[in-house]
Amino acid sequence: MTVSRKHSVIASLLLIGLFAGSVLALRQIQLLRGNQATLEDVLYLPSGKTIKRMSLGYSGLLADIYWTRAVQYFGAAHMRRAEHYDLLYPLLDITTDLDPQLIVAYEYGSVFLSQNPPEGAGEPDKAVALVQKGIRENPTYWRLYFTLGFIQFQDRHDYRAAQEAFEKGSQIHGAMPWMKVMAARMAEKADDIETAMALWNGVYENTVDKDVKKTALGHLQSLQADAGIMELERRVQFYRERTGSLPTDWPELIPAGLLRGIPLDPTGDPYKLLPNGKVEVTDANKYPYLGEWLQKHPKPF
Amino acid sequence: MHAITIEGLRKDYAAGFWKKTHITALKPLHLAVEQGETFGFLGPNGAGKTTTLKLLMGIIFPTEGTATILGRHYQDPEIKKRIGFLPEQPYFYDYLSAPELLDYFARLSGMQSADRKHKIPAVLEKVGLADVGNKQLRKFSKGMLQRVGIAQAIVHDPEVVLLDEPMSGLDPLGRHEVRELLQSLKDSGKTIFFSTHILSDAEALCDRVAVIHKGELKGVGVVNELRSGSGTKSEVIWQGADALTALARDVMDPHVTGELVRAAVAKDQLDRVLEKLRQQGATLISVTPLHGTLEEYFLAQTSKEEVLKA
Amino acid sequence: MISRLTAITLNTFREAVRDRVLYNLIVFVLILLASAPLFSQISIDIERLMLVNLGLSAISIFGVIIAIFIGIGLVAKEIEKKTLYTILARPVRRWEFVVGKYLGLVLTLVTNAAFMTIGFFGALLLYTRPLTRSDASLLVAIYFILLEFLIITALTLLFSSFSSPIFSALFAFALFVIGTFSEDLKNFASMSHGISRWGASAASWVIPNFASLNVISQVAHKQPVGGSLVLFNTAYALLYTATVTLGAVLIFERRNLK
């Protein structure tokens, strides 16, 4: 119809209005269902294998979608410093059932799982199960052994298992020689702070993910600071034994041959010497994991 | 009030890969059809007849121009209750039976159910399909479909009926029947507008015709006048072959058989020729007027260059 | 107007029936009957779960397939076959034609789903314990499936009003699949930056949201469906459908037919 302009304008406005209405309604629906709406069905799905069969060959795509959901779920929970990450393992399990070669799901997923809340789900046993599944499906990928060893050492404190993991991984073609080094450390010096540092250094060097690098650096520097504090406190005690009193400031230790200059922490700030002989860093905010190792390994001497 | 007026309807199409070229399927058309008349729209295939009808029916939209039907704007939906249309080679829902189709269409045309109940069998009878029963349209022959087409065009008793090539694809018997139908519609006072390229049909039925060629209107005329008007000749037969020499330039197509000569003479030349024959001492045998045909008019118009308005 | 709309709606329904579309019901019943002996090998609870999943999914999928297959030809077929010409020669407005065809297809789908629902509940009664109150949520799931039909039919109609059947089918099917993952699209949007974020956000409002209309897993596990969700899903489906249908009408009203 050679419709009038007026007719067209009214119709177009009506169309925009109806669409806007639908957007509003959709907004309400999304608010009702919440952020985790996509994940409801995870609770109800029989298993990843069933989904795989139903996905008619598009399981790879579906795996990617589930991985994205897992990341989103983890991120949202992490942001609110959650104590429970109940859906994380089911999501990762389904993802890896759909695509057993999705390495990133094992590598990162297991770490999310094993770290203690609120950093992670605090389920290291499930994390181990996940990584072992990954190793089964991808036997030539040595880095998964590294992940396994890391979890065993860091979160489960099972040094024997950690050693086994590093050892097995080191035997795979293409593995970095450093894996053998870590295996040896696990066997003999598991309780040394240098071992922990070597582990985090390994993570730092070997990852390309910026966030992981940042976390690793944080751990590394915290450990270095811990080590520095321990050593400085030891030298302060030594001074006290020698002179009968505590030093009031660092330069006093220099003539005694205990220091060469003002001691600096890993980020370049000077350590603080407290009146009671304890040592602290200038800015504890730079060291998010400060003191953790010491907590797990009381009375190192 | 005219039954149909066409006021400058024009249709251009964008063609070519980039839609840059413009093809004019119909140049601005001006035409008027009187109420009660049967109007033929003649032209060779591709002339623009179907385009004109589609524009009138609102199937396609004009590039410019407008039209009226029974005094109302041609796109006014209400006016469609008073017109009927039969497209070229129509196709109907083949899963319906004839009565079902007519009932559906009649309903859409605004007929009430009581009305439909007795008009539908009547119209089926009128088009000669009284016995089809509940047979689905997919089983109908072409001729039967054409009749259904006419039935749906008239079931709601419209004042104006428009048909696009109503005889196409029919055998002589079918054509004869359709012609009779149209004649009876004409007799009941309806305005009929139909397009065709079969001149004898137009000649038999139409009061007036328009000739269209390559999207342009070439001429409009009253059928009777076209047939016996200017350009007709007479056939003269005389005895006396030698007279032919003197008359050679005044006669056309002479045939000589022994002493008899037969020739055609233009109307305005007739008196002079007869006078000359008398002077030559030839014996006049007969003078017979020859009727011109629509065909000649048609051919003459389609070879013209300028556009006429009527 | 009402009389014309009704006539077109009923005629479209009649066409679907005579096209033997409803024979799909036979396939549906056969599937349910054939799968029941398989289910009975397992325990009662799983049996109900699988029956509900299978039955409701079948109602949904069969309906969507019919909606697309018939929908793509709704307008396109009439233009191609020129059956439209004699319709437009009548006092029918173009928008009445489009809406009438749409309602006719919806009527077909609802009728189809109604029969399937009866068969489904029959199978449920037959093979599991008697129906309880909580089974009312099954009806809610089916209601949501009907809302899905409204949307997918409107979309198919929209495409049918300007593109060929094959493309209409492709677009409609693609939108159905993407619409099922529309909430994931929103996730992608919130995790990305710049143009992709903007694009994914815009897309998540425009593409139909089928994710929230699918409560099959939920009701299979006997979880109830909230009343406000029913309300807003209804509002969304109606508004979205109206938008799309209006779009189809606007396109069709301006279209030069062949």
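The values are calculated or read from the model by the stated rules, or taken from the named source; none is laboratory data. Every value quoted in this text rests on a predicted model; they were computed, and no experiment measured them. Glycine gets a Cβ as well: all are built from the backbone with ideal geometry, and neighbour counts include every protein chain shown.
Those residues that are more than 22 Å from C:PHE252 (Cα to Cα) and under 24 Å from the mean Cα position of the chain (by Cα), I need them from the range B:87-105; list them, please. Scanning the range B:87-105 gives B:GLU88, B:GLN89.
Restricted to the range B:165-263, the set of helices (runs of 4 or more DSSP H) holding at least 1 residues that are basic (Lys, Arg) and surrounded by 14 or more Cβ atoms within 10 Å (Cβ to Cβ) comprises B:172-187, B:223-228.
Is there a residue in the range B:134-149 that is crowded, with 21+ Cβ neighbours inside 10 Å, out of contact with any Gly (no Cβ under 8 Å at 6 or more places or on another chain) and either within 12 Å of another protein chain (Cβ to nearest Cβ) or modelled with pLDDT under 95 (or both)? Yes.
Scanning the range A:37-44 for any residue that is within 19 Å of C:LEU229 (Cα to Cα), of a type in the set (Gly, Ala, Ser) and either modelled with pLDDT under 70 or assigned by TED's automatic domain parsing to the domain that holds A:ASP97 (or both) turns up at least one such residue. Reported count of residues in the range B:42-57, each being surrounded by 19 or more Cβ atoms within 10 Å (Cβ to Cβ) and either outside the structural domain of B:VAL160 (by TED's automatic domain parsing) or assigned to a loop (DSSP other than H, G, I, E, B) (or both), is 3.
Residues of the range B:107-117 that are assigned to a loop (DSSP other than H, G, I, E, B) and more than 14 Å from chain C (Cβ to nearest Cβ): none at all. Per this entry, B:PHE85 is counted among residues that are in contact with a Ser or Thr (Cβ under 8 Å, 6 or more places away or on another chain), at the interface with chain C (Cβ under 9 Å from one of its Cβ atoms), part of a strand (DSSP E or B) and not polar (S, T, N, Q).
With respect to A:TYR108, determine if the residue is at negative phi, in contact with a helix residue (DSSP H, G or I) (Cβ under 7 Å, 6 or more places away or on another chain) and surrounded by 16 or more Cβ atoms within 10 Å (Cβ to Cβ). No, not satisfied. Here the condition is being part of a helix (DSSP H, G or I) and of a type in the set (Ser, Thr, Tyr); of B:TYR91, B:TYR95, B:TYR104, it holds for B:TYR104 alone. A:LEU259 falls short on exactly one of the conditions (1) touching a helix residue (DSSP H, G or I) at 6+ places or on another chain (Cβ under 7 Å); (2) assigned to a helix (DSSP H, G or I); (3) over 18 Å from A:GLU107 (Cβ atoms), and that condition is (2). Counting only helices (runs of 4 or more DSSP H) that sit wholly inside the range C:165-258, those with at least 1 residues that are closer than 15 Å to A:ARG27 by Cα, within 11 Å of another protein chain (Cβ to nearest Cβ) and among the acidic types (Asp, Glu) are C:182-191.
Filtering A:THR267, A:THR207 for residues that are touching a residue at least 24 places away in the same chain (Cβ under 8 Å) and among the hydroxyl-bearing types (Ser, Thr, Tyr) leaves a single hit, A:THR267. Under 21 Å from B:HIS213 (Cα atoms), without any contact (Cβ under 8 Å) to a residue 40 or more places away in the chain and within 14 Å of chain C (Cβ to nearest Cβ), is that true of B:ALA25? Spelling it out, it is not the case that B:ALA25 is under 21 Å from B:HIS213 (Cα atoms), without any contact (Cβ under 8 Å) to a residue 40 or more places away in the chain and within 14 Å of chain C (Cβ to nearest Cβ). Restricting attention to the range A:87-145, the residues being in contact (Cβ under 8 Å) with a residue 40 or more places away in the chain, β-branched (Val, Ile, Thr) and closer than 21 Å to A:LYS168 by Cβ number 3.
When B:ILE120, B:ILE69 are checked against the criterion of being aliphatic (A, V, I, L, M), free of Cβ contacts under 8 Å to residues at least 40 places away in the same chain, more than 7 Å from chain C (Cβ to nearest Cβ) and buried (at least 20 other Cβ atoms within 10 Å of the Cβ), B:ILE120 stands alone in meeting it. Screening the range C:53-106 for residues that are part of a loop (DSSP other than H, G, I, E, B) and either in contact with a helix residue (DSSP H, G or I) (Cβ under 6 Å, 6 or more places away or on another chain) or more than 14 Å from chain B (Cβ to nearest Cβ) (or both) and picking the one that is nearest to C:ASN24 (Cα to Cα) gives C:VAL75. A single member of C:VAL64, C:VAL21, C:VAL75 is surrounded by 15 or more Cβ atoms within 10 Å (Cβ to Cβ) and either over 30 Å from C:GLY247 (Cα atoms) or at pLDDT below 80 (or both), and it is C:VAL21.
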